[in-house]
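Chemist: This is the structure I have questions about; it appears just below.
The values are calculated or read from the model by the stated rules, or taken from the named source; none is laboratory data. These figures come from a predicted structure and were not determined experimentally. Here Cβ is always computed from backbone atoms with ideal geometry, including for glycine, and neighbour counts include all displayed protein chains. Each accessible area value is taken on the protein alone, full model and side chains, heavy atoms only, with ligands, DNA and RNA left out. Shrake-Rupley method; radii C 1.70, N 1.55, O 1.52, S 1.80 Å.
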Amino acid sequence: MSRIETLCVQGGYTPKNGEPRQIPIIQSTTFKYDTSEDMGKLFDLEASGYFYTRLQNPTNDTVAARICALEGGSAAMLTSSGQAANFFAVFNIASAGDHVVACSAIYGGTYNLFAVTMKRMGIDFTFVSPDCTDEELNAAFRPNTKALFGETIANPALCVLDIEQFAKAAHAHGVPLIIDNTFATPVNCRPIEWGADIVTHSTTKYMDGHGSAVGGAIVDSGKFDWNRYADKFPGLTTPDDSYHGITYTERFGLEGAFITKATAQLMRDFGSIQAPQNAFLLGLGLESLHVRMKRHCENGQAVAEFLAGHDKIAWVSYCGLPGDKYYERAKKYLPNGSCGVVSFGVKGGRKAAEAFMKHLKVAAIETHVADARSCCLHPASATHRQMSDEELLAAGVSPDLVRLSVGLESKDDLIEDIAQALAAI
Ligand SMILES: *Cc1c(COP(=O)(O)O)cnc(C)c1O
């Protein structure tokens, strides 16, 4: 059972005789042991087991195992949000004084996390265009660079990343490529197969898919050779004093070192665990991910084609449209479709965009995407409002950009709704 559809439904959880068919919610903060010695072994990471849900919980681990299987990774963990996932993925290997290269076309929250908050922690970021040449990309690296970061399909710019190009550059400089695969999901793209080393998700989006639980996930491919670049990654390759001198790569191998360190140190200290109840809802969402993604893509394609042919629309960005800047790249990385998110500009700019959105009846105005229900947002006045016009352009977000997340409703109803809203302006 290795096909994506089967993994969505059954991956990570195979109940034994008489056990619950559905993943049980272990709604317990703590776990009981017979002796202090038993518990001591857990704290020293000598035995695996649960002791406190701030670090690990069985429901979460089961759902993480499903996502791990979907991405083809070696180990995975859930986090309380996508923000926590990207923070942990980078902070696990970069500290004060280090540097990270990131694609400039990324989610606004991630941009802020990197450019403002992690900068305050002493980590420097250089942002590169998703369309940079090899030369420009290589020039962004420094001796203290610890990772390269990008999104498979950028939110909201919808650029498709050349994952192979980015993986090649990362590996040439001895650092891992971290890919946020939120929009594509492993149903449409598995970045590890293209050379990515670590994959992150905001599970809040398509994975949950029903707008019910905020969450994140980190998947490690287990393929990056931390030992080969031991000087760059001392946190993984030298003893951890906060765990009695354990060296993560030695004890847990390349397959387990990254996720064990992120759990043992970062989850312990920052406590960004996903609630087991939310992990259960995420597990439910994953069961239909492959069915839903197909429909999101069909509806997205139909809406994008309609918009592209409408005379009140200035431009449409959707990589499934022939002639789109990313059409060819998407054929390679996203042969079965991209996602249900379509970005476009309404003629008349910012004002027209706001008026159009007010008239929509099926799609609601929300700070959300990738929900069963269609929703739309004007990023320049919401998620990206802290950015200057220059930063907006670098992130691929023009002031007139409307991001429409096409849901699972009838595509005819969606198109009629858009048509009447455009007629009303
Ligand atoms: C939403 C989003 C995030 C942040 O995730 P949250 O779950 O909202 O914290 C990160 N990356 C991408 C691509 C996103 O769309």
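Chemist: Amide H to amide H, which residues 5 or more places from Asn155 or on other chains are under 5 Å from it, using H placed in the peptide plane?
Modeler: Close amide H contacts, sequence-distant or interchain: Tyr107.
Chemist: List the trypsin sites (Lys or Arg not before Pro) within the stretch 13-69 that DSSP assigns to loop and that have no more than 13 neighbouring Cβ atoms inside 10 Å.
Modeler: Listed in order of number, the matching sites are Lys16, Arg21, Lys32.
Chemist: Starting from the coordinates of the alpha-carbon atoms of the stretch 60-116, obtain the Kirkwood hydrodynamic radius over all distinct pairs and give the value in Å to one decimal.
Modeler: Result for the stretch 60-116, one decimal place: 12.9 Å.
Chemist: Give me the percent of accessible area attributable to carbon and sulfur for the chain, probe 1.4 angstrom.
Modeler: That share works out to 52 percent.
Chemist: Which one, Asp180, Asp124, Asp311, has the greatest fluctuation when you compute a Gaussian network model over the chain with C-alpha springs under 10 angstrom?
Modeler: Evaluated over the chain, the most mobile residue of the options is Asp311.
Chemist: If you don't mind, another one. Please calculate how many Å² of accessible area the chain carries per residue, with a 1.4 Å probe and no DNA, RNA or ligand atoms counted.
Modeler: 40 Å²
Chemist: Shifting gears a bit: Relative contact order for the chain using alpha-carbon pairs under 8 Å, separation at least 6, rounded to a whole percent?
Modeler: 17 percent
Chemist: From zero outward in steps of 5 Å, how is the percent of C-alpha pairs of the stretch 234-297 spread across the bins?
Modeler: All Cα pairs, binned at 5 Å, distribute as 4, 15, 17, 14, 12, 11, 12, 9, 4, 2, 0 percent.
Chemist: In sequence order, what are the phi-derived ³J(HN,Hα) couplings for the stretch 140-156 according to the Karplus relation 6.51 cos²θ - 1.76 cosθ + 1.60 with θ = phi - 60°, rounded to whole Hz, with x for glycine and proline?
Modeler: 6, 7, 10, x, 9, 6, 10, 6, 10, 10, x, 10, 3, 10, 6, 9, x
Chemist: Starting at 0 and stepping by 10 Å, how many percent of the alpha carbon pairs of the stretch 188-275 end up in each bin?
Modeler: Histogram of Cα-Cα distances, whole percents per bin: 16, 39, 31, 12, 1.
Chemist: Mind listing the Cα extents of the stretch 313-362 along all three principal axes, in Å, largest one first?
Modeler: 37, 22, 12
Chemist: Sequence gap at least 6, Cα distance under 8 Å: using those rules, report the relative contact order of the stretch 1-134 to the nearest whole percent.
Modeler: Contact order relative to length: 20 percent.
Chemist: May I pose another question? Where the eigenvalues come from the Cα gyration tensor of the stretch 107-198, what are the semi-axes √(5λ) of the equivalent ellipsoid, largest first, in whole Å?
Modeler: Semi-axes (√(5λ), whole Å): 20, 17, 12.
Chemist: May I pose another question? Apply the Karplus parameterisation 6.51 cos²θ - 1.76 cosθ + 1.60, with θ equal to phi minus 60°, to every residue of the stretch 6-13 and state each ³J(HN,Hα) to the nearest whole Hz, in sequence, with x for glycine and proline.
Modeler: 5, 5, 4, 7, 10, x, x, 9
Chemist: Sticking with this structure for a sec: May I have the extent of the alpha carbons of the stretch 10-134 along their three principal axes, as whole Å values ordered from largest to smallest?
Modeler: Principal-axis extents of the stretch 10-134 (Cα, largest first): 56, 35, 24 Å.
Chemist: Suppose the Debye formula is applied to equal point scatterers at every Cα of the chain; what is log10 I(q)/I(0) at q = 0.08, 0.14 Å⁻¹?
Modeler: Normalising to I(0) and taking log10 leaves -0.43, -1.27.
Chemist: For Lys16, give me every one of the lysines with a C-alpha distance below 28 angstrom, ignoring sequence neighbours fewer than eight places off in its own chain.
Modeler: Once the sequence-local lysines are set aside, what remains near Lys16 is Lys32, Lys41.
Chemist: Can you give the relative contact order of the stretch 110-187 as a percent, counting alpha carbon pairs under 8 Å and 6+ residues apart?
Modeler: Details: 77 pairs, mean separation 21.7, N = 78.
Once normalised by length, the contact order is 28 percent.
Chemist: Please report Rg (one decimal) and Dmax (integer) in Å for the Cα set of the stretch 342-415.
Modeler: 12.4, 38
Chemist: As a test of the formula, what do you get for the chain when each DSSP H run with n ≥ 4 contributes -39,500 (n - 2.57) and the sum is divided by the residue count, at 222 nm and rounded to the nearest 500 deg cm²/dmol?
Modeler: On the way: 16 runs with 151 residues, N = 425.
Dividing the helical sum by the residues of the chain leaves -10000 deg cm²/dmol.
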